[in-house]
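Below is one structure; the comments refer to it alone.
The values are calculated or read from the model by the stated rules, or taken from the named source; none is laboratory data. Bear in mind the structure is a predicted one, so any value in this text is a computation, not a measurement. Here the Cβ positions follow ideal geometry from the backbone for every residue, glycine too, while neighbour counts run over all protein chains shown. The protein model used for the area step is the full one, side chains on, heavy atoms only, and it has no ligands, DNA or RNA in it. Shrake-Rupley method; radii C 1.70, N 1.55, O 1.52, S 1.80 Å.
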Amino acid sequence: MNAQQDVDLLEEDSPQENGVQTNQYSAISPPASPVDQEQDGGFSTYFEEKVPIPNDANQAFSFRKLWAFTGPGFLMSIAYLDPGNIESDLQSGAKAGFKLLWVLLGATIIGLLLQRLAARLGVVTGMHLAEVCNRQYPTVPRIILWLMVELAIIGSDMQEVIGCAIALNLLSVGRIPLWAGVLITITDTFVFLFLDKYGLRKLEAFFGFLITVMAISFGYEYVLVKPDQGELLKGMFVPYCAGCGPVQLVQAVGIVGAVIMPHNIYLHSALVKSRDVDRKNKNDVKEANKYFFIESTIALFISFLINVFVVAVFAQAFYNKTNMDVNAECNMTGSPHTDLFPLNNATLEVDIYKGGVVLGCFFGPAALYIWAIGILAAGQSSTMTGTYSGQFVMEGFLNLRWSRFARVLLTRSIAITPTLLVAIFQDVQHLTGMNDFLNVLQSLQLPFALIPILTFTSLTSIMNDFANGLFWKISGGIVILAVCAINMYFVVVYITALNSVLLYVFAAFLSIAYLCFVIYLAWHCLIALGVSCLDFGSRMPFGLSRIYLQNEMDTYTLVER
């Protein structure tokens with residue numbers, strides 16, 4: 001049989017849609033290539049170049065291939081190391097000692113499983129989650145989803161701005177006021193955006209450098225404090241919290257909320273598109289899924305270790321410490337921040353700012369400055385990944401292709417305005433206190449990432465042979481239900497602590513609308529998971545019994561399930 005006959009047979013076996021040749025592993029075709037977009041509108045994107053994958057066909061595992069796939073997982077893992085996570089870590093150590101390390105471990109493992117789904121969606125379909133949502137959901141739900149994800153990105157951006165401003169204030173010994181630090185973060189992001197002009201791999205290497213800075217900075221604190229290794233291992237692997245109360249329970253819930261970020265699901269599904277994978281070749285797709293999972297596991301393991309460093313430092317040095325203890329120590333060392341700790345026996349309350357101060361009081365100025373460097377690295381790296389998340393989400397949901405500079409200018413302006421006002425007219429306690437509200441905000445957005453990713457990775461019309469099996473459908477559903485329930489508890493605790501009837505009424509109205517939309521997404525998800533008794537959508541205009549898929553002519557073809 002000659003080569004032409006082989007081609008003819010392949011064409012006969014491949015389905016056609018409106019006369020356009022497709023392959024069973026490309027049911028959803030990607031949008032126009034970045035090169036085409038750049039030629040059409042001068043638009044540049046993270047995917048201007050794709051990393052080639054070496055051909056080691058005879059090897060079950062290849063370090064060369066793993067290196068080629070290394071990058072997206074580490075960029076994704078930065079969201080597990082943002083200032084919000086660092087603050088959650090230090091508060092966990094100060095309030096519960098080592099007792100909640102197992103919650104951090106469990107949350108990281110759950111995060112890895114969810115990131116696996118996101119990566120698989122991007123690899124198999126060649127499209128990221130926002131693009132798939134754009135093609136699968138009707139207009140109104142699609143716009144609501146976009147708004148919710150944008151809120152999550154802006155909230156995350158505010159946390160990064162706060163972290164960077166505090167780090168700059170600590171590094172300058174107060175010479176850079178908080179409001180000036182906030183303003184500096186406007187410009188630094190634009191400077192970093194120039195980095196991707198030097199190539200994708202160099203950009204990924206720079207993010208690797210920032211992760212290394214965090215590991216060295218917080219690792220230094222860990223070595224300096226010398227935590228009890230036995231207690232650390234016990235807290236990590238024994239799922240029990242002896243003597244814990246409501247304070248520790250809320251902190252445990254906060255750990256889950258800080259680790260699992262909604263916009264990170266959208267980000268990871270897009271980052272994997274930067275590798276040159278032949279989606280029409282089932283073996284290549286399977287191999288890409290394997291290596292991306294290995295890379296994500298390594299990246300999240302490193303981020304977990306860095307988080308453990310922070311928890312252990314504050315668990316060993318400051319668990320059960322009182323304000324009076326810290327005040328006396330800071331007074332002895334001549335710290336200018338002694339007034340942050342009132343003369344009472346209340347348990348020490350720490351945040352990113354106070355954390356650096358108490359480290360300086362107990363372990364010397366070097367501990368404070370190195371802590372601030374770690375926070376600055378966390379804030380800067382998270383800022384960049386937030387920028388890419390925002391770009392992918394806007395492109396996917398709205399087909400609106402802005403330059404990165406215009407995109408950053410918009411979201412950064414929205415994020416900085418309230419932060420700047422608080423920094424000017426309030427103090428650092430109010431600035432760091434915003435993190436609690438921002439964690440609640442992101443907890444509310446979680447269903448809008450987790451439910452769609454489980455829905456679409458479970459549909460054979462989208463994923464074909466790579467759709468979730470029964471185990472992943474059940475375990476994924478249970479995990480997402482548990483994560484959403486935990487975060488809703490966190491939200492309820494936060495709202496009830498406000499003690500305002502007006503806020504209660506306002507929250508009640510919002511809750512009704514919020515729950516209605518979550519139920520709508522969950523209904524679609526259950527149908528995708530195989531609960532066919534709910535599939536009465538064929539009699540409704542937005543049912544999942546009819547799936548819209550985009551073919552290569554960028555038109556919609558109605559495909560019957």
State the number of residues belonging to the range 338-366 that are outside any strand (DSSP E or B) and among the hydroxyl-bearing types (Ser, Thr, Tyr). 2
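Kindly indicate which of Ala497, Ala449 is over 28 Å from Ile184 (Cα atoms) and either at pLDDT 80 or above or β-branched (Val, Ile, Thr) (or both). Outline the logic, then answer.
Numbers: Ala497 fails: either at pLDDT 80 or above or β-branched (Val, Ile, Thr) (or both).
None of the others qualify; the one that does is Ala449.
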All but one of (1) more than 22 Å from Ile255 (Cβ to Cβ); (2) open to solvent by 40 Å² or more (accessible area, probe 1.4 Å) hold for Ser461; state the number of the condition that does not hold. (2)
Can you give me the number of residues within the range 339-379 that are open to solvent by 20 Å² or more (accessible area, probe 1.4 Å) and either closer than 22 Å to Phe209 by Cβ or in contact with a strand residue (DSSP E or B) (Cβ under 8 Å, 6 or more places away or on another chain) (or both)? 9
Which pairs turn up if I take residues in the range 186-212 that are closer than 19 Å to Ala372 by Cβ and at pLDDT 80 or above and look for partners that are open to solvent by less than 30 Å² (accessible area, probe 1.4 Å) and part of a helix (DSSP H, G or I) with beta carbon separation below 6 Å, at least 6 apart in sequence or on another chain? Leu210/Ala377; Leu210/Ser381
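In the range 217-235, what residues are within 20 Å of Ala372 (Cα to Cα) and touching a residue at least 24 places away in the same chain (Cβ under 8 Å)? Steps first, please.
Here is the first cut: in the range 217-235, the residues within 20 Å of Ala372 (Cα to Cα) are 217-226.
Answer for the range 217-235, where residues must be within 20 Å of Ala372 (Cα to Cα) and touching a residue at least 24 places away in the same chain (Cβ under 8 Å): Ser217, Phe218, Gly219, Tyr220, Glu221, Tyr222, Leu224, Val225, Lys226.
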Selection from the range 104-147 of residues that are more than 18 Å from the chain's Cα centre (by Cα) and either among the small types (Gly, Ala, Ser) or under 18 Å from Ile478 (Cβ atoms) (or both): Gly126
For the condition open to solvent by less than 70 Å² (accessible area, probe 1.4 Å) and either more than 22 Å from Gln136 (Cα to Cα) or not polar (S, T, N, Q) (or both), what is the one hit in Ile474, Ile486? Ile486
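Step by step: first the residues of the range 52-85, then only those that are over 23 Å from the mean Cα position of the chain (by Cα) and outside any loop (DSSP other than H, G, I, E, B), then the one that is surrounded by the fewest Cβ atoms within 10 Å (Cβ to Cβ). Which residue is that? Let's see the steps before the verdict.
Restricting attention to the range 52-85, the residues satisfying the condition of being over 23 Å from the mean Cα position of the chain (by Cα) are 52-65.
Subset that is outside any loop (DSSP other than H, G, I, E, B): 63-65.
Details: Phe63: 10, Arg64: 12, Lys65: 19.
Top of the filtered list is Phe63.
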Contacts under 8 angstrom Cβ, first residue in the range 164-176 being polar (S, T, N, Q), partner open to solvent by 10 Å² or more (accessible area, probe 1.4 Å), 6 or more apart: Asn169/Ile176; Asn169/Pro177; Asn169/Leu178; Asn169/Tyr353; Asn169/Val428
Does the range 391-402 contain at least one residue that is over 24 Å from His268 (Cβ atoms), open to solvent by 60 Å² or more (accessible area, probe 1.4 Å) and out of contact with any Cys (no Cβ under 6 Å at 6 or more places or on another chain)? no
Would you check if there is a residue in the range 529-548 being assigned to a helix (DSSP H, G or I) and modelled with pLDDT of 85 or more? no
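Conditions tested, residue by residue: (1) under 19 Å from the mean Cα position of the chain (by Cα); (2) closer than 17 Å to Phe448 by Cβ; (3) not in a loop (DSSP other than H, G, I, E, B).
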residue	(1), (2), (3)
Phe471	no, no, yes
Ser475	no, no, yes
Val483	yes, yes, yes
Phe490	yes, yes, yes
Val493	no, no, yes
Leu498	no, no, no
Leu503	no, no, yes
Ser511	no, yes, yes
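Assess whether Ile265 counts as being more than 26 Å from Phe314 (Cβ to Cβ) and either in contact with a strand residue (DSSP E or B) (Cβ under 7 Å, 6 or more places away or on another chain) or among the β-branched types (Val, Ile, Thr) (or both).
Numbers: more than 26 Å from Phe314 (Cβ to Cβ): yes; either in contact with a strand residue (DSSP E or B) (Cβ under 7 Å, 6 or more places away or on another chain) or among the β-branched types (Val, Ile, Thr) (or both): yes.
So Ile265 fits the description; yes.
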